[in-house]
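Below is one structure. I have some questions about it.
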Amino acid sequence: LARALAIQPSVLLLDEPLSALDAKVRASLRDQIRRIQTEVGITTLFVTHDQEEALAISDRIGVMSQGHLEQLGTPTTIYRHPSSAFVARFIGSMNQLPAVVVDQGAVRVRDLPIAVARGSELASGSTATLLVRPEDTHIATDGQPGLAGTVVSKTFQGVSTIVAVRLHTIDALVDVHVVGS
């Protein structure tokens, strides 16, 4: 990196520079590259297949599929407002629930009506797939509306626990934020 910067290029090209490193070293070097890139003020094209890395280091992300640019935007926009089902599934984890369109602002998953942020172009009664991130779901207690399911596994990850739930014939993930101990 120092040799590349020594010639003061107008654009710095980095192709999978952290791919062979362990997780802690990778995160540390990722942060250092970001700091150096910001301090030097150099445009950097950083190629990676690691979505977490792309979200952490980028001002803008381009998601490509088969040589076609699917979406270009800020990390927040790409993650929270994907332009297509492909981008939504590609960046981060995504639950895919079979649904029926109720109207422009709602779908029904089994017997549970769910408001959707983006209206559907599909006609009422059409089948659809509801895409929802694990962190946007929660485990309901008795008496709360929700989908009945069975906990299949729990994976502790420090600040959260990923709970795999079987909802009849489909599996979903719930990211439960750990509060206290």
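Name the residues in region 61-90 that are among the charged types (D, E, K, R) and at pLDDT below 95, would you?
ARG80, ARG89
Taking the criterion of being charged (D, E, K, R) and either open to solvent by 90 Å² or more (accessible area, probe 1.4 Å) or out of contact with any strand residue (DSSP E or B) (no Cβ under 8 Å at 6 or more places or on another chain) (or both), would at least one residue in region 122-133 satisfy it?
no
Looking at VAL159, VAL176, which is the one that is over 18 Å from LEU131 (Cβ atoms), at pLDDT 85 or above, surrounded by 11 or more Cβ atoms within 10 Å (Cβ to Cβ) and among the β-branched types (Val, Ile, Thr)?
From the options VAL159, VAL176, the qualifying one is VAL176.
Still on this model: Scan region 50-86 residue by residue and report those that are of a type in the set (S, T, N, Q) and in contact (Cβ under 8 Å) with a residue 24 or more places away in the chain.
GLN51, SER65
Among the residues in region 35-48, are any over 21 Å from GLY73 (Cα atoms) and touching a Leu at 6+ places or on another chain (Cβ under 9 Å)?
So far as region 35-48 goes, yes, one or more of its residues are over 21 Å from GLY73 (Cα atoms) and touching a Leu at 6+ places or on another chain (Cβ under 9 Å).
Turning to a different aspect of this structure: Is there a residue being in contact with a Pro (Cβ under 6 Å, 6 or more places away or on another chain) and either closer than 29 Å to ALA54 by Cβ or hydrophobic (A, V, I, L, M, F, W, C) (or both) anywhere in region 112-132?
The answer is no, given that none of the residues of region 112-132 is in contact with a Pro (Cβ under 6 Å, 6 or more places away or on another chain) and either closer than 29 Å to ALA54 by Cβ or hydrophobic (A, V, I, L, M, F, W, C) (or both).
The values are calculated or read from the model by the stated rules, or taken from the named source; none is laboratory data. Just so you know, these numbers come straight off a predicted model, no measurement behind them. A quick note on method: Cβ atoms are made from the backbone with ideal geometry, for glycine too, and the neighbour counts reach across all protein chains shown. Areas reflect the complete protein model, heavy atoms only, side chains present, ligands, DNA and RNA absent. Shrake-Rupley method; radii C 1.70, N 1.55, O 1.52, S 1.80 Å.
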